[in-house]
Amino acid sequence: MLLIDVLHYIEPPAQAELLRRVREALAPGGVLILRVADATAGLRFRITEAVDLAATRLRGSRVKRLHSVPLAERRRQLESLGFTVEERPMSEGTPFANVLLSAR
């Protein structure tokens, strides 16, 4: 299952519920792939969030703020649901703070 640039658009309680439901729906041996921004990545994170927010507004959305969390917190959240998590940085050569998470 893919959740690419999705979670930060919904509030944290809804994020937790979505991830719980995904875990329940995932077939045995299935993999959840997420792309998230690391909220602890300083300027790179602020650039990532600013670009996301600007793009969202240009598409006509009325999103007022995004709800990113520190990468370690996202990892703990997934592990508490029983996932084993692998991280891969995705932003080399860019000003962004994106990370690919594979949760099995």
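Bear in mind that the values in this text are calculations on the coordinates, not laboratory data. Computed from a prediction, not measured in an experiment: that's the story for all the values here. All Cβ positions, even for glycine, are placed from backbone atoms using ideal geometry, and neighbour counts span all protein chains on display.
Here the condition is being farther than 25 Å from Ser102 by Cα and not small (Gly, Ala, Ser); of Arg59, Arg75, Arg35, it holds for Arg59 alone. Of all residues in region 68-88, those satisfying the criterion of being loosely packed, with under 13 Cβ neighbours inside 10 Å and farther than 23 Å from Glu24 by Cβ are Ala72, Arg88. Among the residues of region 1-51, the ones that are among the acidic types (Asp, Glu), more than 16 Å from Ser80 (Cα to Cα) and out of contact with any His (no Cβ under 9 Å at 6 or more places or on another chain) come to 2 in all. Here's a check for you: in region 90-104, which residue that is of a type in the set (Gly, Ala, Ser) and touching a residue at least 24 places away in the same chain (Cβ under 8 Å) is farthest from Arg74 (Cα to Cα)? This residue is Ser91.
How many residues are in contact with a strand residue (DSSP E or B) (Cβ under 6 Å, 6 or more places away or on another chain), surrounded by fewer than 17 Cβ atoms within 10 Å (Cβ to Cβ) and either within 19 Å of Ala16 (Cα to Cα) or of a type in the set (Asp, Glu) (or both) if we restrict to region 89-104? Looking only at that region, the number is 2.
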